Amino acid sequence: MMLEPLIFELSSPGRIGHALPPSDVPAQPTDVLLPATARRADAPPLPEVDELTLVRHFVRLSQMNFSIDTNFYPLGSCTMKYNPKINEVVAALPGVAGVHPLQSTETVQGILAMLYELAECLREIAGMDAVSLQPAAGAQGEFAGLLMMRAYHLRNGEGDKRHKIIVPDSAHGTNPASAARCGYQVVQVKSSADGHVDIAAMRKALSEEVAAIMMTSPNTLGVFESEVLEISRMAHDAGALMYLDGANMNALVGKAKPGDMGFDVMHFNLHKTFSTPHGGGGPGAGPVAVKKHLEPFLPVPVIEKTADGYRLNDDRPHSIGRLHGFYGNAGILARAWAYIRYHGASGLTANTENAVLNANYLMALLRDTFPTAHQGICKHEFVCSARRFKDAYNVRAWDFAKRLIDYGFHPPTVYFPLIPEHFEAMMIEPTETESKETLDAFAATLLKIAEEAAMNPELVQHAPHTAPVGRLDEAFAARCLNVCWTAEQQNG
Ligand SMILES: Cc1ncc(COP(=O)(O)O)c(C=O)c1O
């Protein structure tokens, strides 16, 4: 990898860009800015409290939050790694936080340089030829990749003919959804018992109607697709392209490059690999990397480096168009840039090694009690089963998940990937940022809950007992959101 030689000086915040000067537009009266119909007649019934009461109220609320800053968060597939505070320092620099997207490019050369350099680093890590930072989430990166592959086939006169996308059943759930969203017919290919793509089934599914294979590797079982070169060869022989869901790059960075595996296009999930914030569905970033033959189709604008500085180029006739207002979630991109720059190539590689080591260490501690979905080593995460506790005591995977909350651990992902429900899947991803002590404590707690399940199943079935709320109907809460503060709550 060639990350270290990239030099970028952060000596003065002014180098990153200039904050917008104060506006000289005269202030408008309120009734011009907001019509009377939109203004309230009476003051809201806000409680009158002193500062200390207010501070205690919000600190208490913040302490109810579960976060990676306070506790271990082994949520498989979501990669809740620690977000180093230096990222926040960089994102808060006036030249990053204070710039406005409508400023002229001459006044934001610093942040454009930062974004350009991030794209260069990702290009190098991917082993590809060009990168767009614009997609605002992993799934939007998939969408961008699919649109580019469709544009490629259209340009080759095969747009109508190639209307299928092959998605192995070990792929992340967003893959078939994105393919369907792009109007493709999704063809699912089964995995074999060892968690790898079934090559024979893949060969059978390939035809001149296939636009691409969309693979997640390492896949949702934490298994690396060792036959990827053969799969790529088969796809290309059939005229199809190879898409990598690279959200699990935390297991590969510095070790292997998707471009060398035959992938034509991929996306990154910056929050899963480069330690940017993740939660509540956003704001995220899902940059896409492509090989040369897909470069003309990249979303606009593209950041270019010229003799006169950096510029945003919208004039690209074959582009799939714009995916995001302005240039993506720049604050997230700045954090990923910071993470990559201070780790350098050797640090990123060490993170990959430790993420895989931690996952295998934890798997070894738990495997005898919670058998895994496949044998052998895993990459950055693994899937194990609570089925024997369901069969013996009717204690299910989600009961283990809820009971972990009582012990101060966030639950792992449960019932995903969608291997049959009777498997009682628990998907665990420790990441490289956790210590051996934390992993030991987590394993000891899960084993203790296993004993509780045998001795006192009801204790586990009705957990959590110490959380501010018990078992919520999350689907109902999401669909019928009620965030009003009632008078009873105010008084009580
Ligand atoms: C393997 C994989 N692919 C795709 C996605 C989708 O990414 P996003 O939630 O940013 O849309 C995720 C989510 O974390 C993922 O784990």
Q) Taking the range 258-286, which residues are part of a loop (DSSP other than H, G, I, E, B), away from the ligand (no atom under 11 Å from the Cβ) and surrounded by 24 or more Cβ atoms within 10 Å (Cβ to Cβ)? A) Phe263, Asp264, Phe274, Ser275
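Would you mention how many residues in the range 370-416 are within 15 Å of Leu439 (Cβ to Cβ) and part of a loop (DSSP other than H, G, I, E, B)?
Looking only at that region, the number is 9.
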Q | For Met234: the one exception among (1) under 30 Å from Thr107 (Cβ atoms); (2) more than 16 Å from the ligand (Cβ to nearest atom); (3) touching a Lys or Arg at 6+ places or on another chain (Cβ under 7 Å) | A | (1)
Q.
Let me spell it out: the conditions are (1) in the same structural domain as Ser275 (by TED's automatic domain parsing); (2) under 21 Å from the mean Cα position of the chain (by Cα); (3) in a helix (DSSP H, G or I), and Gln109 meets all of them except one. Which number is the exception?
A. (2)
Q: Hey, can you tell me all the residues within the range 417-451 that are surrounded by fewer than 17 Cβ atoms within 10 Å (Cβ to Cβ) and at pLDDT below 95?
A: Leu418, Pro420, Glu421, His422
Q: Answer yes or no: is there a residue in the range 194-212 that is under 18 Å from the mean Cα position of the chain (by Cα) and surrounded by 21 or more Cβ atoms within 10 Å (Cβ to Cβ).
A: no
(Q) Checking Ile213 against (1) hydrophobic (A, V, I, L, M, F, W, C); (2) closer than 24 Å to Met148 by Cβ; (3) more than 16 Å from the ligand (Cβ to nearest atom): exactly one of these is not met. Which one? (A) (3)
Q: Go through the range 51-86 and give me each residue that's under 30 Å from Ala251 (Cβ atoms) and among the charged types (D, E, K, R).
A: Asp69, Lys81, Lys85
Q) Which condition number in (1) part of a helix (DSSP H, G or I); (2) touching a His at 6+ places or on another chain (Cβ under 8 Å); (3) within 16 Å of the ligand (Cβ to nearest atom) is the one that Leu122 fails? A) (2)
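Conditions tested, residue by residue: (1) in a loop (DSSP other than H, G, I, E, B); (2) of a type in the set (A, V, I, L, M); (3) away from the ligand (no atom under 16 Å from the Cβ).
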{"residue": "Cys78", "(1), (2), (3)": "yes, no, no"}
{"residue": "Val90", "(1), (2), (3)": "no, yes, yes"}
{"residue": "Gln103", "(1), (2), (3)": "yes, no, yes"}
{"residue": "Ala113", "(1), (2), (3)": "no, yes, yes"}
{"residue": "Met128", "(1), (2), (3)": "yes, yes, yes"}
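The values are calculated or read from the model by the stated rules, or taken from the named source; none is laboratory data. Keep in mind it's a predicted model, so treat the numbers as computed, not measured. So basically every Cβ, Gly included, is an ideal-geometry build from the backbone, and we count neighbours across all protein chains shown.
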